[in-house]
Amino acid sequence: MSATSTADSAALLDALRGIAGAAGVLTDPQDTAGYLQDWRKLYRGRALAVVRPPDTAALAAIVRRCAAAGVGMVPQGGNTSMAGGATPSEDGRQVVISLARMNRVRDVDPVDFSLTVEAGATLKAAQDAAAAAGCLLPLSISAEGSAQIGGVLATNAGGNTTVRFGNARDLVLGLEVVLADGQVWNGLRRLRKDNTGYCLRQLFVGAEGTLGIITAAVLKLAPQPREVEVALCGLPSPEAALALFTRLQRSDPAALVAFEYMSGIGIGFVLRHIQGVALPFAAPAPHYALIELATPRAEAGLRTVLEEALTAAMDEGDVLDAVIAESGAQRAALWRLREEHTEAQAREGASVKNDVSVPVSRTPELIRRATAACEALIPGIRAVPFGHLGDGNIHFNLEQPPGADPAAFLAQSHAIMDTVAEVVRGLDGSFSAEHGLGRLKSYMLPLWRGGAELDAMRRIKHALDPLGLMNPGKVLPEEPPAE
Ligand code: FAD
Ligand code: MLT
Ligand code: ZN
């Protein structure tokens with residue numbers, strides 16, 4: 001049965017209210033609006049309802065009821081997806097399932113270095129709980145105040161500390177998941193070794209809600225750092241950024257927790273649009289790197305490591321100017337120059353995002369070649385590459401030409417994305433590094449991962465979600481009609 005008629009929909013909504021309570025089922029447009037549009041405002045969907053279950057058992061019952069009605073389900077966390085992954089379709093026949101009420105930190109264990117947390121807790125809340133127990137949850141993204149653990153895992157988020165601690169996937173010891181048929185898989189194990197068949201948890205990480213709904217997780221923690229050093233460097237070129245990164249990796253690889261690249265134009269946007277930020281140099285530079293070193297070792301002498309590396313890099317001409325933060329407030333001020341990039345770009349006008357990766361050694365080539373290709377495609381376009389150079393993950397974002405019509409610029413999104421993707425392909429990279437595919441990039445999957453890889457993905461999808469009701473239309477493109 002599929003909930004196509006008004007009577008079917010009304011019966012489904014009644015059943016959902018019976019499970020989640022009247023306050024747990026939102027249908028008033030004023031209440032649902034915030035759940036139906038993505039953060040970038042690229043997509044606006046409609047939904048039968050937004051359902052907010054209080055716990056795993058209720059969520060499982062909701063999934064069983066929706067599955068029986070043939071209704072598609074769109075899991076949603078903090079709704080900060082950069083790829084439209086959490087927005088329902090426009091036909092109004094899907095249900096958004098918000099995890100926001102399931103937000104408890106269940107356990108922090110400083111001996112096992114593990115944190116058991118429900119999917120609706122924000123990343124920031126999980127970090128704070130770890131810190132309160134004297135530990136570090138080593139994952140950090142600019143959206144951490146809103147992004148939730150479920151969304152972070154479903155997208156396999158990367159971020160600022162991936163260079164040292166890996167992506168979200170690398171921090172997952174265990175998961176609890178509601179499967180597409182409403183069964184609950186409790187895999188909340190905190191084991192460091194557990195070779196017991198296929199590694200199910202890693203299937204759900206990065207699946208963007210297309211295989212099941214994550215309800216809780218056990219995450220790996222690390223010791224809290226005792227020494228932290230943050231520096232901002234002005235650089236002459238992207239090649240110098242790579243040289244500086246390599247130098248730091250060689251001097252103390254365990255201490256390098258962030259190496260972020262920014263262009264002169266990106267810093268210029270931040271200075272123009274964000275209040276209370278300042279560039280700590282007498283003159284602007286064409287390129288920048290933000291570096292963080294941290295270690296739990298006492299008296300590790302990180303300041304000396306950093307000063308020696310920067311002095312040597314200056315002697316080689318790889319660093320034009322550098323400032324090292326002298327306090328927590330100064331560290332935060334330097335980080336703001338990096339973290340406000342997304343907001344500043346949004347205020348500057350329309351932009352097209354390309355979250356891409358290449359081998360780290362090829363990042364300067366990516367920046368140069370993609371800039372030239374985009375400038376040839378649209379005269380006046382402004383390339384604003386920035387991000388996680390230490391992971392080979394550059395956000396190769398393109399800002400509209402000054403004064404251009406934003407809508408006309410955005411109409412060229414696919415041409416721009418395909419131009420960047422072509423350069424990335426030539427550098428043995430990936431068209432999606434950390435933000436996922438969502439709705440935005442699923443069309444690119446056959447070209448990049450077609451053949452055996454896409455075939456295997458489709459089989460996994462059919463096996464775990466035979467009715468195709470888990471986040472329909474995301475990640476996998478529609479199947480070609482059978483011959
Ligand atoms: P949502 O946007 O709600 O959902 C994202 C996807 O996960 C959707 O497909 C959704 O259906 C699915 N999903 C959500 N919850 C669940 C669940 N419980 N079970 C199964 N599926 C679920 N990303 C990075 O990787 N690195 C960054 O540095 C980074 N910086 C950002 C900075 C800003 C300012 C913004 C706005 C975004 C940034 N992002 C970054 C992108 C985004 O924040 C991440 O993808 C984040 O992990 C999404 O979390 P969320 O809770 O908002 O998920
Ligand atoms: C970030 O690293 O700040 C986000 O992933 C970037 C973006 O806006 O593309
Ligand atoms: Zn990023």
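Scanning the range 363-381 finds one or more residues that are within 23 Å of Ala255 (Cβ to Cβ) and either of a type outside the set (A, V, I, L, M, F, W, C) or within 16 Å of ligand 1 (Cβ to nearest atom) (or both). Checked against (1) within 16 Å of ligand 3 (Cβ to nearest atom); (2) under 14 Å from Asn397 (Cα atoms); (3) touching a strand residue (DSSP E or B) at 6+ places or on another chain (Cβ under 6 Å); (4) not basic (Lys, Arg), Glu348 passes all but a single condition, namely (1). Could you check, for the range 352-369, whether at least one of its residues is among the small types (Gly, Ala, Ser), part of a helix (DSSP H, G or I) and over 22 Å from Ser142 (Cβ atoms)? Yes, the range 352-369 contains a residue that is among the small types (Gly, Ala, Ser), part of a helix (DSSP H, G or I) and over 22 Å from Ser142 (Cβ atoms).
Residue count for the range 413-440, restricted to those that are touching a residue at least 40 places away in the same chain (Cβ under 8 Å) and more than 16 Å from ligand 1 (Cβ to nearest atom): 13.
Inspect the range 320-334 for any residue being over 26 Å from Pro225 (Cα atoms) and away from ligand 3 (no atom under 15 Å from the Cβ) and give the result as yes or no.
Restricting attention to the range 320-334, the residues satisfying the condition of being over 26 Å from Pro225 (Cα atoms) are 320-321.
Now restrict to residues that are away from ligand 3 (no atom under 15 Å from the Cβ): 320-321.
There is at least one residue in the range 320-334 that is over 26 Å from Pro225 (Cα atoms) and away from ligand 3 (no atom under 15 Å from the Cβ).
Total residues in the range 69-93 satisfying the condition of being within 24 Å of the chain's Cα centre (by Cα), away from ligand 3 (no atom under 16 Å from the Cβ) and crowded, with 20+ Cβ neighbours inside 10 Å: the figure is 11. Filtered by the rule that a residue be surrounded by 24 or more Cβ atoms within 10 Å (Cβ to Cβ) and away from ligand 3 (no atom under 12 Å from the Cβ), the range 140-162 gives Gln148, Ile149, Gly150, Gly151, Val152, Leu153, Ala154.
Of the listed requirements (1) away from ligand 2 (no atom under 16 Å from the Cβ); (2) buried (at least 22 other Cβ atoms within 10 Å of the Cβ); (3) farther than 25 Å from Gly206 by Cα, Leu337 misses just one: (1).
Out of Ala344, Ala333, one residue alone is touching a Phe, Trp or Tyr at 6+ places or on another chain (Cβ under 6 Å), assigned to a helix (DSSP H, G or I) and modelled with pLDDT of 95 or more. It is Ala344.
On the basis of being farther than 23 Å from Leu437 by Cα and under 24 Å from the mean Cα position of the chain (by Cα), does Asn103 make the cut?
On the way: farther than 23 Å from Leu437 by Cα: yes; under 24 Å from the mean Cα position of the chain (by Cα): yes.
When the stated conditions are applied, Asn103 passes them.
Would you say Gly390 is part of a helix (DSSP H, G or I), within 16 Å of ligand 1 (Cβ to nearest atom) and either without any contact (Cβ under 8 Å) to a residue 12 or more places away in the chain or under 24 Å from Ala168 (Cα atoms) (or both)?
Values: part of a helix (DSSP H, G or I): yes; within 16 Å of ligand 1 (Cβ to nearest atom): yes; either without any contact (Cβ under 8 Å) to a residue 12 or more places away in the chain or under 24 Å from Ala168 (Cα atoms) (or both): yes.
For Gly390, the condition - part of a helix (DSSP H, G or I), within 16 Å of ligand 1 (Cβ to nearest atom) and either without any contact (Cβ under 8 Å) to a residue 12 or more places away in the chain or under 24 Å from Ala168 (Cα atoms) (or both) - is met.
For the range 361-400, enumerate the residues that are among the β-branched types (Val, Ile, Thr) and in contact with an Asp or Glu (Cβ under 7 Å, 6 or more places away or on another chain). Explain how you work it out, then say what you get.
Initial filter on the range 361-400 (among the β-branched types (Val, Ile, Thr)): 363, 367, 371, 378, 381, 384, 394.
The answer is Ile381, Val384.
Is there a residue in the range 451-470 that is under 29 Å from His395 (Cβ atoms), within 16 Å of ligand 3 (Cβ to nearest atom), crowded, with 20+ Cβ neighbours inside 10 Å and among the hydrophobic types (A, V, I, L, M, F, W, C)? No, because not a single residue in the range 451-470 is under 29 Å from His395 (Cβ atoms), within 16 Å of ligand 3 (Cβ to nearest atom), crowded, with 20+ Cβ neighbours inside 10 Å and among the hydrophobic types (A, V, I, L, M, F, W, C). Might you check whether a residue that is touching a Lys or Arg at 6+ places or on another chain (Cβ under 8 Å) and within 30 Å of Ser9 (Cβ to Cβ) occurs anywhere in the range 102-117? Checked the range 102-117: no residue is touching a Lys or Arg at 6+ places or on another chain (Cβ under 8 Å) and within 30 Å of Ser9 (Cβ to Cβ). Cβ-Cβ distances below 9 Å connect the following pairs, each with a first residue in the range 155-180 that is more than 20 Å from Pro296 (Cα to Cα) and outside any helix (DSSP H, G or I), a second residue that is among the hydroxyl-bearing types (Ser, Thr, Tyr) and more than 12 Å from ligand 1 (Cβ to nearest atom), and a separation of six or more residues or different chains: Leu173/Ser114; Gly174/Ser114; Gly174/Thr116.
Considering each residue of the range 451-465 in turn, at least one proves to be β-branched (Val, Ile, Thr), over 30 Å from Glu375 (Cα atoms) and assigned to a helix (DSSP H, G or I). The lone criterion from (1) within 23 Å of Gln249 (Cβ to Cβ); (2) over 26 Å from the mean Cα position of the chain (by Cα); (3) touching a residue at least 12 places away in the same chain (Cβ under 8 Å) left unmet by Thr311 is number (3).
The values are calculated or read from the model by the stated rules, or taken from the named source; none is laboratory data. These numbers were taken from a predicted model, which means no experiment stands behind them. All Cβ positions, glycine included, derive from the backbone under ideal geometry; neighbour counts span all protein chains shown.
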